[in-house]
1. Kindly indicate the residue of the range 114-132 that is open to solvent by 10 Å² or more (accessible area, probe 1.4 Å) and not aliphatic (A, V, I, L, M) and also nearest to LEU143 (Cα to Cα) among those meeting that condition.
2. What are the pairs with Cβ atoms under 6 angstrom where one residue, in the range 158-185, is within 19 Å of SER61 (Cα to Cα) and the other, located anywhere, is of a type in the set (Lys, Arg) and modelled with pLDDT of 90 or more? Sequence gap at least six, or different chains.
3. Open to solvent by 70 Å² or more (accessible area, probe 1.4 Å) and closer than 18 Å to LEU125 by Cβ: which single residue out of ALA62, ALA72, ALA66 fits that description?
4. Looking only at the range 22-64, count how many residues are assigned to a helix (DSSP H, G or I), more than 23 Å from LEU77 (Cβ to Cβ) and of a type in the set (A, V, I, L, M, F, W, C).
5. Report yes if ALA63 is under 14 Å from the mean Cα position of the chain (by Cα) and not charged (D, E, K, R), otherwise no.
6. Looking only at the range 82-106, count every residue that is more than 17 Å from THR156 (Cα to Cα) and either at pLDDT below 95 or among the hydroxyl-bearing types (Ser, Thr, Tyr) (or both) and tell me the total.
7. Hey, among the residues in the range 75-93 that are touching a Ser or Thr at 6+ places or on another chain (Cβ under 9 Å) and farther than 13 Å from LEU8 by Cβ, which one's most open to solvent (accessible area, probe 1.4 Å)?
Amino acid sequence: SWPARGELRASFRAVESCLAAAHLGNEDDVATSAIDELERIVGRSYEPGDGLAGRGLLEHSAAASALLTAFAVAGRLPYAMLADELIQFARRSWWNERLGGFENAERSTQDLEQFVANCEMVRVLCRMALLHADGGYRDIAVLAPRADYAEDARRTLARFAPSANPSPDCALYALALDEYLKIESFPHAS
């Protein structure tokens, strides 16, 4: 039911879900429709140099994730490079170098939204780190200088490690940790 209306993060996640499921049948129709919608949403909300103008970390991580999935499905280099740009914008805007991890400057506590946003960003950072570790990708892409997405992911995981008391939020952390372990097992990862 394109075009999507409403919350931007939900729109990016819906598009990504369609792209991820495109291989289940009717690949061309589903993927083409989802990519058209992704381009419409990005065109409406992205400002060069300003990321998703007026949007927060959750929207930036959802957009970068959808763009990385679109790159995996369609192989169009601009999708991965835009994801990289959105990650760099998020890093400039919300990264806390002293503590590691991303923070909303208006929040002083580690609340659930901040935890979720950091777990989602770790997953995106790990996916981008794998691309940066791939020689074929490095040969054709313009890479963000001095980007060390694997280290950013590691520091974020260390900072937001759940307490010993299990909670439903631990599942989000486990998904992020799973993405990080893929980097650790990648033969050319630095």
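The values are calculated or read from the model by the stated rules, or taken from the named source; none is laboratory data. Keep in mind that this is a model prediction, so the values were computed, not measured. Neighbour counts are summed over all protein chains in view; Cβ atoms, including those assigned to glycine, are modelled from backbone coordinates with ideal geometry. When the accessible area is computed, the model is the full protein with side chains, heavy atoms only, and any ligands, DNA or RNA have been set aside. Shrake-Rupley method; radii C 1.70, N 1.55, O 1.52, S 1.80 Å.
1. Ranking the candidates gives HIS132 first.
2. Within 6 Å, the pairs are ALA176/ARG123; GLU179/ARG123.
3. ALA72
4. 3
5. Taking the combined requirement at face value, the residue satisfies it.
6. 1
7. Once the filter is applied, the top-ranked residue is TYR79.
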